[in-house]
Amino acid sequence: MTLTTEIINKTDSIGAHNYKPLPVVLVRGEGVWVWDAEDRKYMDMLSAYSALSQGHGHPKIIDALTAQAKRITLTSRAFHNDQLQQLYERLVKLTGLPRVLPMNTGAEAVETALKAARRWGQRVKGVPAGKQEIIVCTDNFHGRTISIISFSSDAEYQDGFGPLTPGFRIIPYGDAQALEEAITENTVGFLMEPIQGEAGINIPPDGFLREAARICKEHNVLLMMDEIQTGFGRTGKMFCCHHEDVQPDVMILGKALGGGVLPVSAICATEEVMQVFDPGSHGSTFGGNPLGAAVACAAIDVLLEEDLVARSAELGEYLMERLRQLESPYIDHVRGKGLLVGIVLKKEAGNARRYSEALMKAGMLCKETHDHILRMAPPLVITREEIDWAVERLDGVLREGHNLNETK
Ligand SMILES: *Cc1c(COP(=O)(O)O)cnc(C)c1O
């Protein structure tokens, strides 16, 4: 038995089976490359769903981590620390929103935004207590807490987890008219992803973000943009909503904010929204910890210093152009923005999982989303030559798609 099999068996025999990982055990990573337990090398074209935008083990981020780890790691918010305001200043500058509330995971930041909208709705807009409504979109993905899955349109996320949290309405993604029609006097917020990553790189119609912003403003409804996956350069702008020059009332950040090292999330919001939080109303033991804050500062500095946002725009275009030239009978179309790219397979291609597995064997790691879309979201530090290398692997695998067998 190989070390890989041994580790996988042990892991599966004890751990919950809430994931179905590709059968590879990663032990080391550097930039866009990772190595498995047998010392085989792979290109990481998933980068932890965009959380590793700065690449594995970026020296500057690891230096910030180790230096801060030697000073102080955790203070709790019962006391101040000297790192958090540095992160605040960076986030305010990048988002244009004046207030920040730090959390850890993306789902916690989404929950924070929901709480903010409900309290703002009651205290500022004047919606009767308990009547606040929040509008969301079909095929949304905002995390896995009970309240968040309560407004999923995917039954699998909810099955058996009821009773669900009330107070949400779902409209079709990208449908401005439906948004306007769904708004009532009790609507406090509209929560959306500027591109739906988990749903398969769904891009809304041009102008939708701007329309949504206009409608929200007109009806005194908070626009809450979940930029957890799309933020920090992933789509070729610092934030995806900047493609349409939209400024939301609440921006939700996570993933790449932690530089692929620690879970760091936050909401950025207007004064009017953030003032609803008073001492004791919300919090997190680890939220805003100095270790996470120092890492997040370094993660942001790396993005800026290495101009990774422009690189994402340029190389994303290049990757999509190369993919569109592939002669494969199995590709329906390629879509994306920046380095967030989906290859949508035709029905006759069969399950996308077998392509992920074949690509793994060819030395490239990516993950299918649903059963017919391959998602590419490499670290933004990837080079043009590395993209060429990846396209060659994809070319090989997608040509012979029907010959591939799926392992169970
Ligand atoms: C990943 C993700 C989340 C949830 O983040 P976690 O850190 O996994 O809790 C929320 N929204 C979007 C758009 C995401 O991609």
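The values are calculated or read from the model by the stated rules, or taken from the named source; none is laboratory data. Just so it is clear, the model here is predicted, and its values are computed rather than measured. Heads up, the Cβs are rebuilt from the backbone with ideal geometry, glycines too, and the neighbour counts pull from every protein chain shown. The accessibility values were calculated without ligands, DNA or RNA, using every heavy atom of the protein model including side chains. Shrake-Rupley method; radii C 1.70, N 1.55, O 1.52, S 1.80 Å.
The single condition from (1) farther than 18 Å from L209 by Cβ; (2) part of a helix (DSSP H, G or I) that H242 fails is (1). Here P379 clears all of (1) in contact with a Phe, Trp or Tyr (Cβ under 7 Å, 6 or more places away or on another chain); (2) modelled with pLDDT of 95 or more except the condition numbered (1).
Can you pull out every residue in segment 88-107 that is in contact with a strand residue (DSSP E or B) (Cβ under 7 Å, 6 or more places away or on another chain) and not hydroxyl-bearing (S, T, Y)?
Taking segment 88-107 first, the residues in contact with a strand residue (DSSP E or B) (Cβ under 7 Å, 6 or more places away or on another chain) are 88, 91-92, 95, 97, 99-106.
Answer for segment 88-107, where residues must be in contact with a strand residue (DSSP E or B) (Cβ under 7 Å, 6 or more places away or on another chain) and not hydroxyl-bearing (S, T, Y): L91, V92, L97, R99, V100, L101, P102, M103, N104, G106.
Selection of segment 172-195 for residues being closer than 15 Å to E133 by Cα and among the hydroxyl-bearing types (S, T, Y) yields T184, T187.
Of all the criteria given as (1) under 29 Å from G292 (Cα atoms); (2) open to solvent by 60 Å² or more (accessible area, probe 1.4 Å); (3) within 16 Å of the ligand (Cβ to nearest atom); (4) charged (D, E, K, R), the one not satisfied by E111 is (2).
Return the residues of segment 13-63 that are of a type in the set (A, V, I, L, M) and over 23 Å from Q229 (Cα atoms); say none if nothing qualifies.
I14, A16, V24, V25, V27, A37
Scanning segment 117-155 for residues that are part of a helix (DSSP H, G or I) and away from the ligand (no atom under 16 Å from the Cβ) yields R118, R119, W120, G121, Q122, R123, V124, K125, A155.
Which of the residues that make up segment 157-182 are more than 28 Å from R335 (Cα to Cα), in contact with a strand residue (DSSP E or B) (Cβ under 7 Å, 6 or more places away or on another chain) and either among the hydrophobic types (A, V, I, L, M, F, W, C) or crowded, with 20+ Cβ neighbours inside 10 Å (or both)? Within segment 157-182, F168, A182 meet the criteria.
Within segment 216-232, residues that are on the phi > 0 side of the Ramachandran plot sit with their Cβ atoms under 8 Å from residues that are of a type in the set (K, R) and away from the ligand (no atom under 16 Å from the Cβ), at 6+ positions apart or across chains, in these pairs: N220/K125. In segment 1-88, counting only helices (runs of 4 or more DSSP H) that sit wholly within it, the ones holding 3 or more residues that are open to solvent by less than 80 Å² (accessible area, probe 1.4 Å) and among the β-branched types (V, I, T) span 3-14, 59-71.
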